[in-house]
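For reference, the structure is listed below as structure tokens.
A short reminder: the numbers here are calculations on the coordinates, not readings from a lab. Quick caveat, the model's predicted, so the values are computed rather than measured.
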């Protein structure tokens, strides 16, 4: 079982798919890493030689921001937006969509599902 950047890669998966289990590495980045190291994309993780695993590990840890470092950077960016009081920062503070999505009909679970139907609340109060 190969461990890269603190993540255990699943042994039965192809290496190009298994690399995407690391936070910060998608399909394109995984293919670029494999091309630069010369490891074939069709090889399974369990079939990797120790030299290939070390080569991948070095490439990922030296040239790519992944896992904890990337998460800290993202959180710092969000914190900066909140501190300067930007629109996106305020949307983060209020826990609403930040990228321009509509909120009248969507994102109900984020807002707490506050939609009421006509007459659902008053009728019960009047009868008692």
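Data table
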{"quantity": "Square roots of 5 times each gyration tensor eigenvalue, C-alpha, the chain, largest first, Å", "calculated": "47, 20, 12"}
{"quantity": "Max mean-square fluctuation residue, GNM over the chain, Cα-Cα springs under 10 Å, options 110, 60, 45", "calculated": "110"}
{"quantity": "Relative contact order (percent, whole number), the stretch 3-64, Cα cutoff 8 Å, 6+ residue spacing", "calculated": "38 percent"}
{"quantity": "Cα-based Rg of the stretch 3-64 normalised by 2.2 N^0.38 Å, two decimals", "calculated": "0.94"}
{"quantity": "Computed over the chain: relative contact order in percent, which uses C-alpha pairs under 8 Å that are six or more apart", "calculated": "17 percent"}
{"quantity": "Rg over Rh, two decimals, the stretch 69-111 (C-alpha only, Kirkwood Rh)", "calculated": "1.05"}
